[in-house]
1. Order of H51, H249 from fewest to most other C-beta atoms within 10 Å?
2. Percentage of Cα-Cα pair distances in the range 33-132 greater than 22 Å, rounded to whole percent?
3. Once the mean 1/r over all distinct Cα pairs of the range 175-312 is inverted, what Kirkwood radius in angstroms do you read off?
4. Along its principal axes, what span do the Cα atoms of the chain show, with the longest given first and each in whole Å?
5. How much of the pair distance distribution for the range 158-197 lies past 13 Å, counting alpha-carbon pairs only, in percent?
6. Taking the beta-carbon count within 10 Å as an exposure proxy, list H240, H144 from fewest neighbours to most.
7. Could you list M69, M202, M151 so that the one with the fewest beta carbons within 10 Å of its beta carbon is first and the one with the most is last?
8. Would you mind checking the tilt of helix 37-50 against the longest principal axis of the Cα atoms of the chain, expressed as 0 to 90 degrees and rounded to 10?
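Every number in this text was worked out from the coordinates using simple rules, so none of it is lab data. All values reported here derive from a predicted model rather than from experimental measurement. Note that each Cβ is placed from the backbone with ideal geometry, even for glycine, and that neighbours are counted across all protein chains shown.
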Amino acid sequence: MQLTACQAGSDSDIIEEETRSVLGPQHLALVINDEDPLSRRIAEYYLTRRHIPASNVIHIKFKPGGKVMRPETFRTLKAQLDTLTPDVVQGYVLTWTTPYRVGCMSITTAFAAGFNEAFCVQGCKPTQASPYFDSDSQRPYSDHQWRPTMMLAGETFDDVKALIDRGVAADGTRPDGTAYLLSTSNRPRNVRARFYQGIDMMQTDRFRVEVLQRDALKNRTDVMFYFTGLAHVNGIDSNHYHPGAIADHLTSAGGKLTGSGQMSSLRWLEAGATGSYGAVVEPCAFVQKFPRPNIVIDRYLDGETLLESYWKSVEWPGQGVFIGEPLAAPFR
């Protein structure tokens, strides 16, 4: 396993103060697995679309294909990665779909904060909290020594290319969509429904919200947010999702991106969403281990990027993986 950082180019001269309110390309490091042809291809395309500075492009090498990376392998990799990451970098973008786990925890939290079993205790117990949760921090690494991480995930290059294009297309569009909040018949997976009426009351003056008592949403043309709780969600392909849309389903294994017996969170991206989230190991039905719809909606509408608003909405992120185009900011 080897790591290298690209030499700085002219892109590194971007002035940080120009985007103090939200994260920009200069604040992200793009992590590429050189042994994975798809990772290299995704990274090349993302560089052309988001103009990540050359100094923020970091190459690593590990055998691709496995769903779970061994903690000892990751620790060696992460120690070297930290030495190669410029201080200006506040978050990471991973250009692969597998592995999505490191030992017992999600790979996005492992990259953000390092491997630590406190993030993934056995059984139905609390896990370590994120200092970034619902914070007003604009620079998570500078403030908390965490670098929130998101995966440009997809089963094919065309899937990820379409995802990236949606993220770029979303910026500043302020779409006139709807937040769909589904209270389902699956009681253990419906724990986030407690927040729905509050969202309707707080956001109704600036964004359309529909709270629905049903298991599926079909044939809607204006989806901007879609939160639900089921192991499998029917009809998601029948809807139209605005560029930048966020959609996820609370269940035990949505973050097992490949080979899961439950619906993979990748299905949301394939249907047209720009960001999603899912658990990689059994989390039990703690609302703290899943995105809080009230927080992510409020912060996204305030203009934060997908990476910022989504990460800030999960209090205990150790068992869940974030996927999507991190710089999407439709309400900037």
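1. Details: H51 13, H249 27.
The order, fewest Cβ neighbours first, is H51, H249.
2. Working: 1666 of 4950 pairs.
Here the long-distance tail beyond 22 Å is 34 percent of all Cα pairs in the range 33-132.
3. Values: mean 1/r = 0.0680 Å⁻¹.
Hydrodynamic radius (Kirkwood, Cα only) of the range 175-312 equals 14.7 Å.
4. Largest first, the chain extends 53, 43, 36 Å along its Cα principal axes.
5. Numbers: 532 of 780 pairs.
The answer is 68 percent, as a whole percent.
6. Working: H240 13, H144 17.
Ranked by crowding around the Cβ, least crowded first: H240, H144.
7. Details: M69 20, M202 15, M151 28.
Neighbour counts put them in this order, fewest first: M202, M69, M151.
8. Between helix and principal axis, roughly 80 degrees.
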